[in-house]
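Here is the structure we will look at, set down as structure tokens.
The values are calculated or read from the model by the stated rules, or taken from the named source; none is laboratory data. Here the structure is a predicted model, which means the values were calculated and not measured. All Cβ positions, glycine included, derive from the backbone under ideal geometry; neighbour counts span all protein chains shown.
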Amino acid sequence: MQIRVLGAAAGGGFPQWNCNCANCAGLRAGTVRAHARTQSSICVAGDAGRDWALINASPDILEQIRAAPVLQPNRAARDTGIAGVLLMDGQVDHSTGLFMLRERGQKLPLWCTDPVFEDLTQGNPILRVLEHYCGVDRRAVPLDGSPFMIDGVPGVSLSALPLASKAAPYSPHREQSVAGDNIGLTLTDNSTGRRVFYAPGLGKYDPQVDAVMRAADCVMVDGTFWTDDEMIAQGFSQKTGRSIGHLPQSGPGGMLEWLDSLPATTRKVLIHINNTNPILDEDSPQRAELTRHGVEVAYDGMVITL
Ligand code: MLT
Ligand code: MN
Ligand code: ZN
């Protein structure tokens, strides 16, 4: 099984168009050692020669496809390496890229949970708009953990786990989360049994999530914020990371402590990094701390083969 990181940043990307934080300004000026990142998406295939499942449709999808020859047309006049799309939630950074796939010749196979389907047909009716173009062939993601496969992507089984995080701000149930607003995904290579757990939005510690993380060979988890008050301290928002569904890395009960408790053999990768997060600066003490703990920071173009 191969996983390619198409976009490792959280909503807004890095640098963010209107942001002058130390990271964004430093990257533009060339004074901070860091790499630009597009918004959150990965793709997975049973092996690198086959078609891919796109996991999340980022607003940056066209740029991401331009950077990934494996997703480009090469067999027919109109063609794609993307066999189907799965959404982890209905957030803008994970769903609006669907508009960019509208030229597809047939309905786009789309896996999502019921609450995400509802949000994308009501609160933010992307799927209704898409009906005027390619339309989608919607498949329900089961929330009981039962394994499923994406048609056209042999060799990989998927299994979802509802997570405590947040529905998108436009969702009618933003403040009353329901199961399936946000999921974590286990990707299993059917021939080797090796597993990756992927959760770009993970709001709090949970023993069930912990068990699934322990069973994985590699975890790719929420790297949005270093501190809970990061957006407040930098003057960008009044909200903590936890209150918008993102567990910070540092401090007691933070993601780093959680990752430390996993087996030493588990590969640990942070993904969905907000542009304010000091770990993006490769010379920062926070980045050095991650390195000491054996935790990697995902980047666009990163390939994980299991
Ligand atoms: C989030 O996960 O909270 C987002 O990245 C928000 C957004 O898309 O702006
Ligand atoms: Mn996001
Ligand atoms: Zn910024």
- Message: Given the criterion crowded, with 21+ Cβ neighbours inside 10 Å and either under 30 Å from Gly203 (Cβ atoms) or not hydrophobic (A, V, I, L, M, F, W, C) (or both), identify the matching residue among Asp137, Asp93.
- Response: Asp93
- Note on the structure: Among residues of the range 222-266 being more than 15 Å from ligand 3 (Cβ to nearest atom) and of a type in the set (Asp, Glu), the residue farthest from Gln208 (Cα to Cα) is Asp229
- Item | Answer residue from the range 4-23, given it is surrounded by fewer than 24 Cβ atoms within 10 Å (Cβ to Cβ) and within 21 Å of the chain's Cα centre (by Cα) and is farthest from Asp283 (Cα to Cα) among those | Arg4
- Does any residue of the range 17-39 turn out to be hydroxyl-bearing (Ser, Thr, Tyr), at pLDDT 95 or above and within 14 Å of ligand 1 (Cβ to nearest atom)? yes
- Answer residue from the range 78-90, given it is over 15 Å from Lys166 (Cα atoms) and touching a strand residue (DSSP E or B) at 6+ places or on another chain (Cβ under 7 Å) and is surrounded by the fewest Cβ atoms within 10 Å (Cβ to Cβ) among those: Ala83
- Task: Would you confirm whether any residue within the range 270-286 is farther than 14 Å from Val32 by Cβ and over 17 Å from the mean Cα position of the chain (by Cα)?
- Result: no
- Subset tally (residues that are within 14 Å of Asp89 (Cα to Cα) and at pLDDT 95 or above) for the range 149-169: 4
- Query: Is there any pair with a first residue in the range 159-172 that is of a type in the set (Phe, Trp, Tyr) and a second that is more than 16 Å from ligand 3 (Cβ to nearest atom) whose Cβ atoms are under 8 Å apart and which are 6 or more apart or on different chains, and what are they?
  - Reply: Tyr170/Asp119; Tyr170/Gly123; Tyr170/Asn124
- Answer residue from the range 24-54, given it is in contact with a helix residue (DSSP H, G or I) (Cβ under 8 Å, 6 or more places away or on another chain) and of a type in the set (Gly, Ala, Ser) and is surrounded by the most Cβ atoms within 10 Å (Cβ to Cβ) among those: Ser40
- So how many residues does the range 206-246 have that are closer than 22 Å to Leu87 by Cα and away from ligand 2 (no atom under 16 Å from the Cβ)? 9
- Of the listed residues (Leu262, Leu202, Leu256, Leu290), the one being of a type in the set (A, V, I, L, M, F, W, C) and within 16 Å of ligand 2 (Cβ to nearest atom) is Leu202
- Which one is surrounded by the fewest Cβ atoms within 10 Å (Cβ to Cβ) among residues in the range 108-120 that are out of contact with any Asp or Glu (no Cβ under 8 Å at 6 or more places or on another chain) and part of a strand (DSSP E or B)? Trp111
- Item | Within the range 168-186, tally of residues that are among the charged types (D, E, K, R) and touching a helix residue (DSSP H, G or I) at 6+ places or on another chain (Cβ under 6 Å) | 1
- Query: Of the residues that make up the range 236-252, is at least one among the hydrophobic types (A, V, I, L, M, F, W, C), on the phi < 0 side of the Ramachandran plot and away from ligand 1 (no atom under 16 Å from the Cβ)?
  - Reply: no
- Task: Could you tell me which numbered condition Ala199 fails, if it satisfies all but one of (1) at pLDDT below 95; (2) under 21 Å from Lys268 (Cβ atoms)?
- Result: (1)
